[in-house]
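The values are calculated or read from the model by the stated rules, or taken from the named source; none is laboratory data. Note that this is a predicted model, so its numbers are computed, not measured. For neighbour counting, all protein chains shown are included, and Cβ atoms are generated from backbone atoms with ideal geometry for every residue, glycine included. These accessible areas exclude ligands, DNA and RNA; they are computed on the full protein's heavy atoms, side chains included. Shrake-Rupley method; radii C 1.70, N 1.55, O 1.52, S 1.80 Å.
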Amino acid sequence: MNIALTVTNYVGIVAFAISGSMKAIRKGMDLLGVIVLGFTTALGGGIISDVMLGIYPPVNLTYLPYPLTAISAGLATFIFYRVFSNVGKPLMYADAVGLGAFSASGASLAYSISHNPLLVVLVGSITAVGGGVVRDLLANEVPVVLTREFYASAAILGSLVYFLLRFIGVNDASSALASMIITITLRFMALRLKWELPRRIINEDAVKA
Amino acid sequence: MNIALTVTNYVGIVAFAISGSMKAIRKGMDLLGVIVLGFTTALGGGIISDVMLGIYPPVNLTYLPYPLTAISAGLATFIFYRVFSNVGKPLMYADAVGLGAFSASGASLAYSISHNPLLVVLVGSITAVGGGVVRDLLANEVPVVLTREFYASAAILGSLVYFLLRFIGVNDASSALASMIITITLRFMALRLKWELPRRIINEDAVKA
Amino acid sequence: MNIALTVTNYVGIVAFAISGSMKAIRKGMDLLGVIVLGFTTALGGGIISDVMLGIYPPVNLTYLPYPLTAISAGLATFIFYRVFSNVGKPLMYADAVGLGAFSASGASLAYSISHNPLLVVLVGSITAVGGGVVRDLLANEVPVVLTREFYASAAILGSLVYFLLRFIGVNDASSALASMIITITLRFMALRLKWELPRRIINEDAVKA
């Protein structure tokens, strides 16, 4: 993994862990819950991907710098909650950087195991957004990634770009870098321009099925 | 897999995907959420079973016809929601066909790996109902399969029939077909006769523990 | 596994299954839901650990005495709900015994695969509390382990003790026994003295993020 991906990967772990820990605090969880939610948000997507690809124990549980970074970020969020809640906007952009790094590294990992396009796109996307889905499930909420904003879609497109570049012969490092830049750019634009995916409006009273 | 199982399997993928996508629409999810919920409802059970049996990457992520069918059904539900919501009854019977096909193929897969009766019954049932459980979790609801109707029970009994037939020497194809017919028949009867499992009535005020 | 661990392990399966089944009954689930929730509470943590460590099919699905014990306990809870709901306190202590047995056996299993300290602590803890987390997710609640009491923390510390003892050369059986005693003692003290982890109080109106 080249230096750009390494740096952005750590940016992502920190940003994701903070988002998980802040949700835990808002939900009234205790210190353990805050750290667990930070941890799973930052590392859950990679763990799910490793399990699906048959890589065990999952790298996120054994390569110590990743979990230690996530746990430290969770602890810092617990202590400096007020500070972090005042920098929501920078955090959203840091989160976008993580989205790009995670989807590129997930797509790269999947491609190293199988050249199946769907697998590459799915594993790239799950690596990027799986942690956030687990965070929302543990917080007893509908995963936000399924309901609004252009977020997972950026990871899907970025992962697809990775596959296409490899398919036409570009090497891993360049494809991953390009994929990451695409995902981050799309997500930045989505934040700026408030992109939303279409929605099916139904005028039923019953919201619960 | 013989022709009957192949056809019913696709019926199941389509019916399950529609049920997931309709729930997503009713929950106000966006296009991505609708497709993801359709996808996980149709293919989630098989993915969980593959992970438990050590088959990776899971077949449902790599054998393209399955995911493409599920994604297409989700997209169709998004576009033709009104049409689909008027054919609730036929959809429930199509869903029952899928229940039978999925439990038979799950039981058959488990048996090919281990002759443990519990494993065969559990994997058959999880293949059949696991996707629906994930659907309900993502929609932030108690899984309907745990609360009412005779649904998972049909899959459990069908999977058990598969095991017993293999145990007395019947071959895979015939056992799977018989298992599927049993599950579908039980589910059809349950729909017709409104079967419910017993429930423990408690007169406590506290419903939440 | 020595005799002490075997006995406490069964105590844990029964206590965990009862806690899951009682929650299912309180949530109005039917007989199947009651048995499934008992089963997953008792055996879910071990299944998740096995999947993470690449042990498949998971032992809890194939070694019949474990699932049969869990299913029997669930069934007994369904029938004798009123009796069990009057012995809440003894059940909490039986649950603590299970917590100790499960975390010790999880830590021991992880250590047999990798000497990574984080992995040992995580797998020990997940084996102990993972089933309860799945129980709460299926019941559509925030996992109680993330919000209050000194519960997972006892399992984390007990798993850490296991690792440290192995690290200084103590054998598996003695380390597991000591780990279990530490976890149980901590949990008993937590129950007696009503220990709670610190919590970050925020005076925001928004509880939902």
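Side notes on the structure shown:
- For the range B:43-59, a residue qualifies if it is surrounded by 24 or more Cβ atoms within 10 Å (Cβ to Cβ) and either in contact with a Gly (Cβ under 6 Å, 6 or more places away or on another chain) or more than 21 Å from B:Ser125 (Cβ to Cβ) (or both), and the qualifying residues are B:Gly44, B:Gly45, B:Ser49.
- Unmet criterion (only one of (1) within 14 Å of chain A (Cβ to nearest Cβ); (2) out of contact with any Lys or Arg (no Cβ under 6 Å at 6 or more places or on another chain)) for C:Pro65: (1)
- Filtered by the rule that a residue be open to solvent by less than 70 Å² (accessible area, probe 1.4 Å) and of a type in the set (Lys, Arg), the range C:160-197 gives C:Arg166, C:Arg187.
- Test: residue in the range C:95-107 that is of a type in the set (Gly, Ala, Ser), surrounded by fewer than 20 Cβ atoms within 10 Å (Cβ to Cβ) and either in contact (Cβ under 8 Å) with a residue 60 or more places away in the chain or closer than 24 Å to C:Thr6 by Cβ (or both): no
- For the range B:130-139, taking the residues that are open to solvent by 20 Å² or more (accessible area, probe 1.4 Å) and under 20 Å from B:Ala190 (Cβ atoms), the one that is farthest from the other protein chains (Cβ to nearest Cβ) is identified as B:Arg135.
- Count of the range B:165-176 residues which are touching a residue at least 12 places away in the same chain (Cβ under 8 Å) and closer than 16 Å to B:Thr8 by Cβ: 4
- Qualifying residue in the range C:99-108 (condition: modelled with pLDDT of 95 or more, touching a Leu at 6+ places or on another chain (Cβ under 8 Å) and of a type in the set (Phe, Trp, Tyr)): no
- Pairs, first of a type in the set (Phe, Trp, Tyr) in the range C:16-37, second crowded, with 24+ Cβ neighbours inside 10 Å, C-beta under 7 Å, six or more apart: C:Phe16/C:Thr41; C:Phe16/C:Ala42; C:Phe16/C:Gly98; C:Phe16/C:Gly131
- Cβ-Cβ under 6 Å pairs, at least 6 apart or on other chains, the range B:177-194 side farther than 13 Å from B:Ser125 by Cβ, far side of a type in the set (Phe, Trp, Tyr): B:Ala190/B:Phe150
- For the range C:77-86, a residue qualifies if it is away from chain B (no Cβ under 12 Å) and closer than 16 Å to C:Gly38 by Cβ, and exactly one does: C:Val83.
- Extreme residue, most open to solvent (accessible area, probe 1.4 Å), among residues of the range A:140-159 that are farther than 17 Å from A:Met92 by Cα and of a type in the set (A, V, I, L, M): A:Leu157
- None of B:Thr127, B:Thr62 is out of contact with any His (no Cβ under 7 Å at 6 or more places or on another chain) and either touching a residue at least 40 places away in the same chain (Cβ under 8 Å) or of a type outside the set (Ser, Thr, Tyr) (or both) except B:Thr127.
- Boolean, A:Ala173 is within 14 Å of chain B (Cβ to nearest Cβ) and either of a type outside the set (Gly, Ala, Ser) or part of a helix (DSSP H, G or I) (or both): no
- Here A:Leu197 meets each of (1) facing chain B (nearest Cβ under 8 Å); (2) under 25 Å from B:Thr62 (Cα atoms) with one exception, condition (2).
- Sole exception among (1) modelled with pLDDT of 95 or more; (2) open to solvent by less than 70 Å² (accessible area, probe 1.4 Å) for C:Ala206, by number: (1)
- Members of the range A:10-42 that are of a type outside the set (A, V, I, L, M) and surrounded by fewer than 22 Cβ atoms within 10 Å (Cβ to Cβ): A:Tyr10, A:Arg26, A:Lys27, A:Gly28
- Restricting the first member to the range A:140-152 and to residues that are more than 7 Å from every other protein chain (Cβ to nearest Cβ), and the second to residues that are open to solvent by 40 Å² or more (accessible area, probe 1.4 Å) and among the small types (Gly, Ala, Ser), the beta-carbon pairs closer than 9 Å and six or more apart or on different chains are A:Val144/C:Ala209.
- Scanning the range C:128-165 for residues that are part of a helix (DSSP H, G or I), touching a Gly at 6+ places or on another chain (Cβ under 9 Å) and of a type in the set (S, T, N, Q) yields a single hit, C:Ser159.
- Hits in the range B:65-76 - residues which are within 19 Å of B:Thr127 (Cβ to Cβ) and surrounded by fewer than 17 Cβ atoms within 10 Å (Cβ to Cβ): B:Pro65
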